[in-house]
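The structure under discussion appears below in the form of structure tokens.
The values are calculated or read from the model by the stated rules, or taken from the named source; none is laboratory data. No experiment lies behind these values; they were computed from the predicted model shown. Neighbour counts are summed over all protein chains in view; Cβ atoms, including those assigned to glycine, are modelled from backbone coordinates with ideal geometry. Side chains included, ligands, DNA and RNA excluded: accessible areas come from the protein's heavy atoms. Shrake-Rupley method; radii C 1.70, N 1.55, O 1.52, S 1.80 Å.
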Amino acid sequence: MITPYNPAAIEKKWQKIWADAHAFEAEKSHDKPKFYGLIEFPYPSGAGLHVGHPRSNTALDIICRKRRMEGYNVLYPIGWDAFGLPTENYAIKNHVHPAKVTQKNIDHFREQLKKIGFSFDYSREVNTTDPKYYKWTQWIFLRLFERGLAYKAEMPVNWCTSCKCGLANEEVVGGVCERCGGEVVRKVKSQWMLKITDYAQKLLDGLDEVDFIEKVKVQQRNWIGRSEGAEVDFAVAGSDRKIRVYTTRPDTLFGATYMVLAPEHPLLDEMKDRIENWDEVLAYRAQAARKSDFERTELQKDKTGVELKGLKAVNPVTGREIPVWASDYVLVTYGTGAIMAVPAHDTRDWEFAKKFGLPIVEVVAGGNVQEAAYTDVADGVLVNSGFLNGLRVAQAKQTIIDFLEEKGIGSRKVNFKLRDWVFSRQRYWGEPIPLVHCDKCGWVPVPESELPVLLPEVDNYEPTDSGESPLSVIDSWVNTTCPHCGGPARRETDTMPQWAGSSWYFLRYIDPHNDDAFAAMDELKYWLPVDWYNGGMEHTTLHLLYSRFWHRFLYDEGYVPTPEPYRKRTSHGMILGANGEKMSKSRGNVINPDDTIDEIGADAFRLYEMFMGAFDQAIPWSTEGARGCRRFLERVWRLQEMLSDGEGHSKGLETLIHQTIKKVSEDYEKMKFNTAIAQMMTLVNEFYAAGRITRGDLRTLLLLLDPVAPHIAEEMWQQCGLGEPIYRQQWPKWDEDKLQEATVEIAVQINGKVRGRVTVPAGMSREQAERELPQLPEVQRLIAGKTVKKIVCVPGRLLNVVVG
RNA sequence: GCCGGUGUGGCGGAAUUGGCAGACGCACCGCACUCAAAAUGCGGCGGAUUUUCCAUGCCGGUUCGAGUCCGGCCACCGGCACCA
């Protein structure tokens, strides 16, 4: 009799052995080929680990354990993305320092992760709130500042006039403050910005060089939002002022029957003496400013606007005077903040024209522009367009742009939807921005020797009434001297957003204890790029884009050796509650990993997380399913009872063993963990059917199972005396010649329908099969009395006889 | 509205890319073991009017053969959303 399977004991045992042996620490030497596997480092929240974390972690743990067995030097690090609001809010509420809360949460997370047996290299842990870490976050910021990529600008925020504080869009309901009911306006506030827009094209082009799952690429491309068009100048009648517009449809210029400016467009103020209804325009502008982004997008898209009476623009190709309107359907933040309206061929312009009775002139034939805007560009032909008449849209675009450039009234232009990154937060728990402001010298960077600029101790982390950072009230910290002229100066009191620390953490893992640089170049050259990065879709346009931006900047500055940080990016699906809904405390469907591990063990938990369904898809949790995985491990455990001597194969199972090695090896690489596990289950079922298993076959099974369920694999390996621990073993190989049985069963179809099966020798050629198989008595019986018209054979699969 | 994804048994899901639909697991049912139950083992498990027929969201097409390809819809999920 063997001892019962006791996961609690063996998991603890092996976790200690691995830790004592430093089994999973990356080797210092650069002799072996390297593999850098990365998962998104967790935010150590007070709630502890979620079942979603282990899904990503286990997946790459499987890949990394397999890579080690394949002879790679593997870096699989872990760290803590620890700055952020939840911790700060908890600290405020409970009067504890956020650093203390953070430390406690990290300790809890680490303990939870260790219980699951991930093969992380804990000797390289990073923590974004550690001054030794954020020194380098600040250092990178200063490099950006030096290159003019960090700048301070006035940006509109939602401002509650009663609370005197900025609000998130979600906090504005019906144009009033959610908390106090006070009026909310857009207030322009001075903020630090990062010029990610300078990198729009590089970030777009870089996507062609990397192996990211397609939907990540698509989402990033959409977010960057490149469009090609032209800028065109329209003269203001009776003035030398011009209105510049951006359009993707310069071919429709003859159909531009009015213009629209964003309410915030500077021309309004410039021309206010000529605008006859200025009061009305001001009222409209105020009304537009009151709308939050939420209202502008979520509520009605009903067009509103006001004509700028007394102002006319001149269509540069028709020479006609056209009216000029202001409307909030034109955004001041995109293009030039002004458009030429072509109601016949743009849906929004069409709606606006219909509402306000503006003329609609068809310039591309093919639709009925009184009924709807005709926006098809594929096969339209230009009409009512002077020298463009008869041209197709694509040709017309070329022709008109050449014409505009020649006349000096327009030019080709590429625009991006991507906006610069608002980098300021008026909060305590973030990296201080390492700049001081001097009245004489302006913004001056803190010298590198004085980094890090430490977060000062404060008594109160609460946001201030003025909406300034809590740091702004600590005079002793704020007041300093200018590093440039030595005169009095004030520190920047805003902190960085949470995305700062996570934009480069994968670089610090490479050389985490380096005090002279964020990482040494020879280490970076060896380890970069990250070979495989798995994470959530929710970070596609935030973290993933930001970190690509920082990395690309560091590359351009010569600090890192690769233009892209990540070679391959995959994405896991969300784990839903048993009811198919998103897990949340309020829905009461949260599964706690600790409870599950206590019940079924870490190996079964890991196994279930990988078996439950396709890795990239959202899957509901099933406690029964998880127990089924525990059952499978029990079955594996009891294979010890039927262990027979011999390194060879269990009778009749040689083919299946080789098939399993191949399938598991390949499926792991494709992240098809569910089918890899199914294949191992099939194999185990066969051992049971045979009633015995050889040592050789058990060896193979345990090696294949180890990446998913490492504790049980190591324990059985040891108990059966199979040698050195598995983490030092080699990954098994399959033999191509042994993948096929000597005979195969093929389906016999008559007119495409299965009518029978025959067993034939494997490896028959198509010609031989088509000649010989129809002669078999089983087949003859099926086609008796019919005229054979055609025979189709797929070797090893089927024979289809087409009869008349 | 635009972009992307997904629709297969009671459930989670398989299916060499056009070749035996439902692997593997869950749930359920039966049998063995047991005084009994649990656990375990073995077997069954899409539907029906069962020699055959119908079944992969719906309608049509291509093909010897379609879950897979083509055309047209529908539903759900995710992202973006007045981006000119």
Index of the failed condition, A:LYS202 passing every other in (1) within 11 Å of RNA strand B (Cβ to nearest atom); (2) within 30 Å of A:LEU554 (Cα to Cα); (3) part of a helix (DSSP H, G or I): (1)
Tell me, yes or no, whether the range A:709-723 has at least one residue that is more than 14 Å from RNA strand B (Cβ to nearest atom), open to solvent by 70 Å² or more (accessible area, probe 1.4 Å) and either touching a residue at least 12 places away in the same chain (Cβ under 8 Å) or of a type in the set (Ser, Thr, Tyr) (or both). yes
Which numbered condition A:VAL393 misses (of (1) open to solvent by less than 20 Å² (accessible area, probe 1.4 Å); (2) within 16 Å of RNA strand B (Cβ to nearest atom); (3) under 24 Å from A:GLY148 (Cβ atoms); (4) not charged (D, E, K, R)): (3)
May I ask you to say which residue of A:SER56, A:SER29 is in contact with a strand residue (DSSP E or B) (Cβ under 9 Å, 6 or more places away or on another chain), outside any loop (DSSP other than H, G, I, E, B) and small (Gly, Ala, Ser)? A:SER56
Taking the range A:682-698, which residues are more than 16 Å from RNA strand B (Cβ to nearest atom) and surrounded by fewer than 19 Cβ atoms within 10 Å (Cβ to Cβ)? A:ARG695, A:GLY696
Return only the number of the condition from (1) more than 11 Å from RNA strand B (Cβ to nearest atom); (2) of a type outside the set (Lys, Arg); (3) surrounded by 21 or more Cβ atoms within 10 Å (Cβ to Cβ); (4) in a strand (DSSP E or B) that A:SER411 does not satisfy. (3)
Given the conditions (1) within 11 Å of RNA strand B (Cβ to nearest atom); (2) assigned to a helix (DSSP H, G or I); (3) surrounded by fewer than 14 Cβ atoms within 10 Å (Cβ to Cβ), report the number of the one that A:ASP595 does not fulfil. (1)
Can you tell me which residue within the range A:314-336, out of those that are open to solvent by less than 20 Å² (accessible area, probe 1.4 Å), out of contact with any helix residue (DSSP H, G or I) (no Cβ under 8 Å at 6 or more places or on another chain) and under 27 Å from A:LYS417 (Cα atoms), is nearest to RNA strand B (Cβ to nearest atom)? A:VAL330
Checked A:SER502, A:SER469 against criteria (modelled with pLDDT under 90 and open to solvent by less than 30 Å² (accessible area, probe 1.4 Å)); the one match is A:SER469
All conditions in (1) open to solvent by 60 Å² or more (accessible area, probe 1.4 Å); (2) near RNA strand B (Cβ under 9 Å from one of its atoms); (3) within 30 Å of A:ASP211 (Cβ to Cβ) are true of A:GLU666 except (2)
When A:GLU564 is evaluated against the numbered criteria (1) closer than 15 Å to A:GLN220 by Cβ; (2) without any contact (Cβ under 8 Å) to a residue 40 or more places away in the chain; (3) more than 16 Å from RNA strand B (Cβ to nearest atom), which criterion, by number, is the only one it fails? (2)
What is the number of the single condition among (1) within 13 Å of RNA strand B (Cβ to nearest atom); (2) assigned to a loop (DSSP other than H, G, I, E, B) that A:ASN384 does not meet? (1)
Subset of the range A:209-227 (residues that are open to solvent by less than 30 Å² (accessible area, probe 1.4 Å), part of a helix (DSSP H, G or I) and among the polar types (S, T, N, Q)): A:GLN220
Go through (1) more than 23 Å from A:SER119 (Cα to Cα); (2) touching a residue at least 24 places away in the same chain (Cβ under 8 Å); (3) more than 15 Å from RNA strand B (Cβ to nearest atom); (4) within 42 Å of the chain's Cα centre (by Cα) one by one and return the number of the condition A:PRO732 breaks. (1)
Note on the range A:231-265: residues surrounded by fewer than 20 Cβ atoms within 10 Å (Cβ to Cβ), closer than 19 Å to A:GLU307 by Cα and either free of Cβ contacts under 8 Å to residues at least 60 places away in the same chain or out of contact with any strand residue (DSSP E or B) (no Cβ under 7 Å at 6 or more places or on another chain) (or both) are A:GLY238, A:SER239, A:ARG241, A:LYS242
Give A:ARG797, A:ARG755 a once-over and let me know the one that is open to solvent by 30 Å² or more (accessible area, probe 1.4 Å), on the phi < 0 side of the Ramachandran plot, within 9 Å of RNA strand B (Cβ to nearest atom) and in contact with a helix residue (DSSP H, G or I) (Cβ under 8 Å, 6 or more places away or on another chain). A:ARG755
From the list A:GLN659, A:GLN679, which one is buried (at least 17 other Cβ atoms within 10 Å of the Cβ), among the polar types (S, T, N, Q), near RNA strand B (Cβ under 8 Å from one of its atoms) and part of a helix (DSSP H, G or I)? A:GLN679
Identify all residues within the range A:505-517 that are among the aliphatic types (A, V, I, L, M) and surrounded by fewer than 23 Cβ atoms within 10 Å (Cβ to Cβ); write none if there are none. A:ALA517
In the range A:548-592, residues that are closer than 27 Å to A:TRP499 by Cα, open to solvent by less than 40 Å² (accessible area, probe 1.4 Å) and of a type in the set (A, V, I, L, M, F, W, C) total 8
Given (1) out of contact with any His (no Cβ under 8 Å at 6 or more places or on another chain); (2) in contact (Cβ under 8 Å) with a residue 60 or more places away in the chain; (3) open to solvent by 30 Å² or more (accessible area, probe 1.4 Å), index of the condition A:GLY37 fails: (3)
Applying the selection to the range A:346-360, what residues are more than 9 Å from RNA strand B (Cβ to nearest atom), open to solvent by less than 50 Å² (accessible area, probe 1.4 Å) and part of a loop (DSSP other than H, G, I, E, B)? A:LEU358, A:ILE360
Selected residue (criterion: farthest from the chain's Cα centre (by Cα)) from residues of the range A:228-262 that are within 11 Å of RNA strand B (Cβ to nearest atom) and part of a loop (DSSP other than H, G, I, E, B): A:ALA256
Since A:GLU431 meets every condition but one in (1) open to solvent by less than 10 Å² (accessible area, probe 1.4 Å); (2) of a type outside the set (Lys, Arg); (3) in contact with an Asp or Glu (Cβ under 9 Å, 6 or more places away or on another chain); (4) away from RNA strand B (no atom under 16 Å from the Cβ), which condition does it not meet? (3)
Test each condition in (1) open to solvent by less than 30 Å² (accessible area, probe 1.4 Å); (2) of a type in the set (Val, Ile, Thr); (3) farther than 26 Å from A:GLY613 by Cα for A:ILE63 and report the one that comes out false. (3)
Restricting the first residue to the range A:461-481 and requiring it to be on the phi < 0 side of the Ramachandran plot, which pairs with a second residue that is open to solvent by 30 Å² or more (accessible area, probe 1.4 Å) and at pLDDT 90 or above meet a Cβ separation below 6 Å and a spacing of at least six or different chains? A:VAL478/A:ARG490; A:VAL478/A:ARG491; A:THR480/A:ARG491
